[in-house]
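Since every read-out is calculated from the coordinates, none of them should be taken as a lab result. The model shown is predicted, which means the values in this text are computed figures rather than measured ones. FYI the Cβ positions are ideal-geometry reconstructions off the backbone, even for glycines, and counts take in every protein chain you see.
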């Protein structure tokens, strides 16, 4: 698959998330369960997500990941509800691409963004996130330093 890399400016976005950890072997189950928990909490609080679910990788080291998983929402949560807490995706410039296919092969999209950044003299500027359009389609957002 060929990845088209685009640079866009994102606006600050309030989110409702669960902060958790996973390994490469467990990440699919962890993401799925967390999306379900956040969705149930938003429903209980009568809040509608304003976009598709996402997973932000806060740290990735030796096959272990610290993650933030949830949904964008219109206004900030007032307080934590069980495991679900307020967070936000910061405004800024991001490199983005779409991946269609197996989650196992999404690493190729990340490699394409890294290759593009190196070729264009750009550096990562924060934790990347994936927005899940469907079971087999995602958009990856990789913050760039100014």
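Worth pointing out:
- Under 12 Å from a label point set 7 Å out along the Cα-to-Cβ vector of residue 52, the amide N atoms of the range 72-108 belong to 97-101.
- Taking the chain and dividing mean pair separation by its residue count, relative contact order in percent (alpha carbons under 8 Å, at least six apart): 31 percent
- Computed from the Cα positions only, the extents of the chain along the three principal axes stand at 46, 32, 26 Å, in decreasing order.
- Helical contribution to [θ] at 222 nm, DSSP H n ≥ 4, -39,500 (n - 2.57), averaged over the chain, rounded to 500: -7000 deg cm²/dmol
- In the chain, the longest principal axis of the Cα atoms and the axis of helix 27-44 are about 40 degrees apart.
- The order of 7, 94, 107, going from fewest to most other C-beta atoms within 10 Å of their C-beta, is 107, 7, 94.
- When the P(r) is computed for the range 1-67, the part past 14 Å accounts for 67% of the Cα-Cα pairs.
- Reported to the nearest whole Å, the Cα centre-to-centre distance from the range 98-120 to the range 54-90 is 22.
- For peptides 15-24, 37-46, sequence by mean Cβ density within 10 Å, most packed first: 15-24, 37-46
- Residues 106, 34, 134, 145, ranked from the fewest to the most other C-beta atoms within 10 Å, line up as 134, 145, 106, 34.
- Projecting label points 7 angstrom from Cα along Cα→Cβ for residue 135 and residue 11 puts them 3.3 nm apart.
- Burial ordering of 1, 138, 65, fewest other beta-carbon atoms within 10 Å first: 1, 65, 138
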